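Enquirer: Before we start, here is the structure in question, set down as structure tokens.
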Amino acid sequence: MNMGSSNFANTILGEAVRAAVDSTAEQLNAASGKVEAQKHAINGVVADVSATTLILNVGKKAGVKVGDMLEISRQVRVVKIQPREK
């Protein structure tokens, strides 16, 4: 049985599955505010900055994943970058 086909979607079972999935999605969306974000301490150093890109010296081994939101909590020192000469 191909559950992705329009034939299945038009059956009583297909309509019931769609309604159940929609209902579950609505309930999960409504409850998403009750789930606290997990916070993990990650120690690292800013390796490079350019325009809107910040590169850290930590990655997968430290548990960092693409899309993670990080907060810099302590500034050790400011490094001023001179423009490169052409």
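Enquirer: Have a look at VAL66, VAL58, VAL45 and tell me which one the Gaussian network model of the chain (Cα, springs below 10 Å) gives the largest fluctuation.
Expert: VAL66
Enquirer: On to the next question. Expressed in nm to one decimal, what extension gain is obtained for the pair MET69 and ALA20 from 0.36 nm per residue of sequence separation less their Cα-Cα distance?
Expert: Fully extending the segment from MET69 to ALA20 adds 14.4 nm.
Enquirer: Here is a further query. Whole percent per 10 Å bin, from 0 to the bin with the longest distance: what is P(r) over all C-alpha pairs of the chain?
Expert: 11, 25, 17, 17, 15, 10, 3
Enquirer: Taking the chain as the reference, fit the longest principal axis to its C-alpha atoms, fit the long axis of helix 12-31 to the helix C-alpha atoms, and give the angle between the two in degrees, 0 to 90, nearest 10.
Expert: It works out to around 30 degrees.
Enquirer: Using a simple spin-label model with points 7 Å from Cα along the Cα→Cβ vector, what separation in nm is obtained for LEU56 and ILE12?
Expert: With each label placed 7 Å out from Cα toward Cβ, I get 5.4 nm.
Enquirer: Could you name the aspartates and glutamates whose alpha carbon sits less than 19 Å from that of LYS65, not counting residues in the same chain fewer than 8 places away?
Expert: GLU36, ASP48
None of the figures in this text is laboratory data; all of them are computed from the coordinates on show. What you see is a predicted model; the values in this text were computed from it and never measured. All Cβ positions, glycine included, derive from the backbone under ideal geometry; neighbour counts span all protein chains shown.
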